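The values are calculated or read from the model by the stated rules, or taken from the named source; none is laboratory data. These figures come from a predicted structure and were not determined experimentally. Neighbour counts run over all protein chains shown; Cβ positions are idealised from the backbone, glycine included. What goes into the accessible areas is simple: the full protein's heavy atoms, side chains included, and nothing from ligands, DNA or RNA. Shrake-Rupley method; radii C 1.70, N 1.55, O 1.52, S 1.80 Å.
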Amino acid sequence: MELFSLPVSTYSAKVRIALGLKNITCTISPPPGGYSTAEYMQLVPLGTIPALRVGDEYFSESDVIMEYLEDAYPAHSLLTDDQLKRARHRFLARYHDLWLEPHLRRTFAHCDPATRVQAELDDHLNKFEERLAKLDELFTAQPFMVDKNIGYADCAFPATIELADILLPLFGRELKLGPNMTAWRAAVLANPVVKSVTDESRSATLEWMNSGGG
Ligand SMILES: N[C@@H](CCC(=O)N[C@@H](CS)C(=O)NCC(=O)O)C(=O)O
(Lines give C-alpha, C1' and ligand atoms only; values in the text may rest on other atoms or scores of the structure.)
Protein backbone atom coordinates (compact mmCIF):
# COMPACT_ATOMS: atom_id res chain seq x y z
CA MET A 1 0.00 0.00 0.00
CA GLU A 2 1.34 3.43 -0.94
CA LEU A 3 -0.11 6.86 -0.14
CA PHE A 4 0.60 9.72 -2.53
CA SER A 5 0.83 12.79 -0.40
CA LEU A 6 2.77 16.02 0.21
CA PRO A 7 3.37 17.65 3.60
CA VAL A 8 1.66 20.87 2.45
CA SER A 9 -1.61 19.07 1.62
CA THR A 10 -4.33 19.37 4.28
CA TYR A 11 -6.39 16.48 2.85
CA SER A 12 -3.30 14.27 2.89
CA ALA A 13 -2.69 15.26 6.51
CA LYS A 14 -6.18 13.97 7.34
CA VAL A 15 -5.35 10.50 5.93
CA ARG A 16 -1.88 10.49 7.49
CA ILE A 17 -3.41 11.20 10.90
CA ALA A 18 -5.82 8.26 10.39
CA LEU A 19 -2.94 5.96 9.36
CA GLY A 20 -0.97 6.96 12.46
CA LEU A 21 -3.93 6.60 14.84
CA LYS A 22 -4.75 3.19 13.38
CA ASN A 23 -1.09 2.18 13.55
CA ILE A 24 -1.01 1.19 9.87
CA THR A 25 2.34 1.00 8.13
CA CYS A 26 2.17 2.54 4.68
CA THR A 27 4.75 3.85 2.24
CA ILE A 28 4.26 7.60 1.74
CA SER A 29 5.47 9.07 -1.54
CA PRO A 30 5.09 12.33 -3.42
CA PRO A 31 2.75 12.02 -6.44
CA PRO A 32 4.84 10.85 -9.42
CA GLY A 33 5.44 13.89 -11.63
CA GLY A 34 3.59 16.15 -9.16
CA TYR A 35 -0.14 16.51 -8.53
CA SER A 36 -2.35 17.54 -11.47
CA THR A 37 0.34 16.48 -13.98
CA ALA A 38 -0.34 14.28 -17.00
CA GLU A 39 2.01 11.64 -15.57
CA TYR A 40 0.17 11.45 -12.25
CA MET A 41 -3.25 11.60 -13.94
CA GLN A 42 -2.42 8.37 -15.77
CA LEU A 43 -2.58 6.77 -12.35
CA VAL A 44 -5.04 9.00 -10.49
CA PRO A 45 -7.47 10.50 -13.03
CA LEU A 46 -8.48 13.51 -10.91
CA GLY A 47 -4.82 14.37 -10.27
CA THR A 48 -5.43 15.16 -6.59
CA ILE A 49 -3.65 14.13 -3.43
CA PRO A 50 -4.11 12.16 -1.31
CA ALA A 51 -4.45 8.99 -3.38
CA LEU A 52 -3.89 5.42 -2.30
CA ARG A 53 -2.37 2.58 -4.29
CA VAL A 54 -3.36 -0.86 -3.07
CA GLY A 55 -1.59 -3.43 -5.27
CA ASP A 56 -2.43 -2.29 -8.81
CA GLU A 57 -5.49 -0.28 -7.82
CA TYR A 58 -5.44 3.49 -7.30
CA PHE A 59 -8.13 5.60 -5.72
CA SER A 60 -8.42 9.17 -4.52
CA GLU A 61 -10.73 11.31 -2.32
CA SER A 62 -9.59 11.47 1.28
CA ASP A 63 -12.91 10.28 2.73
CA VAL A 64 -12.98 7.28 0.40
CA ILE A 65 -9.45 6.41 1.53
CA MET A 66 -10.49 6.84 5.18
CA GLU A 67 -13.49 4.52 4.64
CA TYR A 68 -11.24 1.97 2.91
CA LEU A 69 -8.84 2.04 5.88
CA GLU A 70 -11.75 1.51 8.27
CA ASP A 71 -13.02 -1.46 6.19
CA ALA A 72 -9.64 -3.05 5.55
CA TYR A 73 -8.19 -2.42 9.03
CA PRO A 74 -11.09 -2.73 11.49
CA ALA A 75 -8.71 -2.88 14.46
CA HIS A 76 -8.33 0.54 16.15
CA SER A 77 -11.62 1.68 14.60
CA LEU A 78 -11.98 5.44 14.33
CA LEU A 79 -15.75 5.13 13.90
CA THR A 80 -16.82 3.04 16.97
CA ASP A 81 -19.64 0.46 16.90
CA ASP A 82 -22.36 2.97 17.73
CA GLN A 83 -24.27 3.77 14.54
CA LEU A 84 -25.36 7.25 15.60
CA LYS A 85 -21.80 8.16 16.54
CA ARG A 86 -20.61 6.79 13.19
CA ALA A 87 -23.11 9.09 11.46
CA ARG A 88 -21.88 12.06 13.52
CA HIS A 89 -18.27 11.33 12.61
CA ARG A 90 -19.16 11.16 8.93
CA PHE A 91 -21.31 14.28 9.07
CA LEU A 92 -18.52 16.36 10.63
CA ALA A 93 -15.91 14.98 8.19
CA ARG A 94 -18.26 15.85 5.31
CA TYR A 95 -18.86 19.32 6.79
CA HIS A 96 -15.11 19.87 6.69
CA ASP A 97 -14.69 18.72 3.08
CA LEU A 98 -17.77 20.33 1.53
CA TRP A 99 -18.67 23.35 3.65
CA LEU A 100 -15.63 24.66 5.51
CA GLU A 101 -12.27 23.95 3.88
CA PRO A 102 -13.16 24.92 0.27
CA HIS A 103 -13.53 28.58 1.32
CA LEU A 104 -10.07 28.63 2.86
CA ARG A 105 -8.63 26.96 -0.25
CA ARG A 106 -10.21 29.59 -2.50
CA THR A 107 -8.25 32.33 -0.71
CA PHE A 108 -4.96 30.86 -2.07
CA ALA A 109 -5.57 32.59 -5.40
CA HIS A 110 -5.57 35.95 -3.60
CA CYS A 111 -2.33 35.65 -1.60
CA ASP A 112 -0.52 38.00 -3.99
CA PRO A 113 -1.85 41.57 -3.42
CA ALA A 114 -0.95 42.44 -7.04
CA THR A 115 -3.50 40.01 -8.46
CA ARG A 116 -5.94 39.92 -5.54
CA VAL A 117 -9.66 40.38 -6.20
CA GLN A 118 -10.65 41.86 -2.85
CA ALA A 119 -14.43 41.28 -3.13
CA GLU A 120 -13.95 37.58 -3.94
CA LEU A 121 -11.38 37.20 -1.17
CA ASP A 122 -13.68 38.87 1.38
CA ASP A 123 -16.55 36.63 0.35
CA HIS A 124 -14.50 33.46 0.99
CA LEU A 125 -13.04 34.79 4.24
CA ASN A 126 -16.51 35.72 5.50
CA LYS A 127 -17.92 32.31 4.55
CA PHE A 128 -14.97 30.51 6.15
CA GLU A 129 -15.44 32.47 9.38
CA GLU A 130 -19.24 31.91 9.38
CA ARG A 131 -18.80 28.19 8.88
CA LEU A 132 -16.12 27.93 11.52
CA ALA A 133 -18.50 29.66 13.96
CA LYS A 134 -21.28 27.27 12.89
CA LEU A 135 -18.95 24.29 13.48
CA ASP A 136 -18.81 25.23 17.15
CA GLU A 137 -22.59 24.65 17.30
CA LEU A 138 -22.36 21.24 15.61
CA PHE A 139 -20.64 19.36 18.42
CA THR A 140 -19.86 19.48 22.12
CA ALA A 141 -16.19 18.91 22.88
CA GLN A 142 -15.81 15.69 24.87
CA PRO A 143 -13.02 16.85 24.36
CA PHE A 144 -12.99 15.20 20.89
CA MET A 145 -15.72 15.90 18.37
CA VAL A 146 -17.88 12.84 18.94
CA ASP A 147 -16.42 11.01 21.90
CA LYS A 148 -13.89 10.98 24.68
CA ASN A 149 -11.53 9.14 22.32
CA ILE A 150 -10.05 10.66 19.18
CA GLY A 151 -11.87 9.43 16.06
CA TYR A 152 -12.72 9.79 12.39
CA ALA A 153 -14.11 13.34 12.50
CA ASP A 154 -11.09 14.59 14.44
CA CYS A 155 -8.73 13.67 11.57
CA ALA A 156 -10.25 16.12 9.08
CA PHE A 157 -9.82 19.45 10.85
CA PRO A 158 -6.36 19.74 12.47
CA ALA A 159 -4.31 20.70 9.39
CA THR A 160 -7.05 23.04 8.13
CA ILE A 161 -7.19 24.90 11.45
CA GLU A 162 -3.39 25.25 11.54
CA LEU A 163 -3.45 26.47 7.92
CA ALA A 164 -6.13 29.05 8.81
CA ASP A 165 -3.99 30.20 11.73
CA ILE A 166 -1.16 30.94 9.27
CA LEU A 167 -3.24 32.26 6.38
CA LEU A 168 -5.85 34.53 7.99
CA PRO A 169 -3.32 37.08 9.38
CA LEU A 170 -2.00 37.54 5.82
CA PHE A 171 -5.42 38.95 5.01
CA GLY A 172 -5.71 41.07 8.15
CA ARG A 173 -7.91 38.54 9.98
CA GLU A 174 -7.26 36.15 12.82
CA LEU A 175 -8.35 32.65 13.69
CA LYS A 176 -11.29 32.85 16.08
CA LEU A 177 -12.47 29.62 17.67
CA GLY A 178 -15.51 29.14 19.87
CA PRO A 179 -15.33 27.27 23.20
CA ASN A 180 -15.89 23.80 21.70
CA MET A 181 -13.26 24.25 19.01
CA THR A 182 -10.80 25.75 21.52
CA ALA A 183 -11.13 22.73 23.83
CA TRP A 184 -11.01 20.34 20.87
CA ARG A 185 -7.88 21.98 19.39
CA ALA A 186 -5.96 21.66 22.67
CA ALA A 187 -6.98 17.99 22.91
CA VAL A 188 -6.02 17.03 19.34
CA LEU A 189 -2.69 18.85 19.49
CA ALA A 190 -1.84 16.93 22.65
CA ASN A 191 -2.04 13.73 20.59
CA PRO A 192 1.48 12.85 19.32
CA VAL A 193 0.27 11.61 15.90
CA VAL A 194 -1.75 14.77 15.24
CA LYS A 195 1.03 17.00 16.56
CA SER A 196 3.67 15.43 14.36
CA VAL A 197 1.54 15.58 11.16
CA THR A 198 0.36 19.16 11.79
CA ASP A 199 3.88 20.37 12.69
CA GLU A 200 5.15 19.00 9.40
CA SER A 201 2.26 20.52 7.50
CA ARG A 202 2.72 23.90 9.25
CA SER A 203 6.44 24.10 8.32
CA ALA A 204 5.75 22.99 4.73
CA THR A 205 3.05 25.68 4.44
CA LEU A 206 5.36 28.41 5.78
CA GLU A 207 8.06 27.29 3.34
CA TRP A 208 5.52 27.30 0.47
CA MET A 209 4.39 30.81 1.39
CA ASN A 210 7.95 32.13 1.74
CA SER A 211 8.69 30.78 -1.73
CA GLY A 212 5.82 32.82 -3.19
CA GLY A 213 2.93 30.39 -2.66
CA GLY A 214 2.82 29.35 -6.31
N1 LIG B 1 -11.96 16.27 -2.19
C2 LIG B 1 -10.57 15.94 -2.30
C3 LIG B 1 -9.74 17.22 -2.24
C4 LIG B 1 -8.26 16.92 -2.43
C5 LIG B 1 -7.51 18.16 -2.82
O6 LIG B 1 -8.08 19.20 -3.21
N7 LIG B 1 -6.20 18.04 -2.75
C8 LIG B 1 -5.35 19.13 -3.17
C9 LIG B 1 -4.10 19.17 -2.31
S10 LIG B 1 -4.56 19.44 -0.60
C11 LIG B 1 -4.95 18.84 -4.60
O12 LIG B 1 -4.62 17.73 -4.93
N13 LIG B 1 -5.04 19.87 -5.47
C14 LIG B 1 -4.68 19.68 -6.85
C15 LIG B 1 -5.82 20.02 -7.77
O16 LIG B 1 -6.88 20.45 -7.28
O17 LIG B 1 -5.65 19.84 -8.97
C18 LIG B 1 -10.18 14.97 -1.17
O19 LIG B 1 -10.88 14.91 -0.16
O20 LIG B 1 -9.20 14.22 -1.34
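State whether one or more residues within the stretch 51-58 are under 17 Å from the mean Cα position of the chain (by Cα) and surrounded by fewer than 19 Cβ atoms within 10 Å (Cβ to Cβ).
For the stretch 51-58, residues under 17 Å from the mean Cα position of the chain (by Cα) and surrounded by fewer than 19 Cβ atoms within 10 Å (Cβ to Cβ): absent.
What residue, of Leu121, Leu206, is open to solvent by less than 30 Å² (accessible area, probe 1.4 Å) and either free of Cβ contacts under 8 Å to residues at least 24 places away in the same chain or outside the structural domain of Lys22 (by TED's automatic domain parsing) (or both)?
Leu121
Pull out all pairs, ordered by first then second residue, where Cβ-Cβ is under 6 Å, the residues are six or more apart or on different chains, the first lies in the stretch 49-72 and is within 16 Å of Ile28 (Cα to Cα), and the second is open to solvent by 40 Å² or more (accessible area, probe 1.4 Å) and more than 12 Å from the ligand (Cβ to nearest atom).
From residues that are within 16 Å of Ile28 (Cα to Cα), the pairs are Ala51/Tyr58; Val54/Met1; Tyr58/Leu43.
Looking only at residues in the stretch 52-67 that are within 15 Å of the ligand (Cβ to nearest atom) and charged (D, E, K, R), which one is nearest to Ala153 (Cα to Cα)?
Asp63
I need a count of the residues in the stretch 121-143 that are among the charged types (D, E, K, R) and under 11 Å from Leu100 (Cβ atoms).
Residues flagged as among the charged types (D, E, K, R) and under 11 Å from Leu100 (Cβ atoms) within the stretch 121-143 amount to 5.
On the basis of being aromatic (Phe, Trp, Tyr) and surrounded by fewer than 18 Cβ atoms within 10 Å (Cβ to Cβ), does Phe128 make the cut?
Taking the combined requirement at face value, the residue does not satisfy it.
Quick one: count up the residues across the stretch 3-31 that are away from the ligand (no atom under 16 Å from the Cβ) and either open to solvent by 30 Å² or more (accessible area, probe 1.4 Å) or in contact with a Cys (Cβ under 9 Å, 6 or more places away or on another chain) (or both).
5
For residues in the stretch 35-51 being outside any loop (DSSP other than H, G, I, E, B) and out of contact with any strand residue (DSSP E or B) (no Cβ under 9 Å at 6 or more places or on another chain), which is nearest to the ligand (Cβ to nearest atom)?
Met41
Go through the stretch 87-118 and count every residue that is open to solvent by 70 Å² or more (accessible area, probe 1.4 Å) and either among the β-branched types (Val, Ile, Thr) or not assigned by TED's automatic domain parsing to the domain that holds Thr160 (or both).
Number satisfying all stated conditions: 1.
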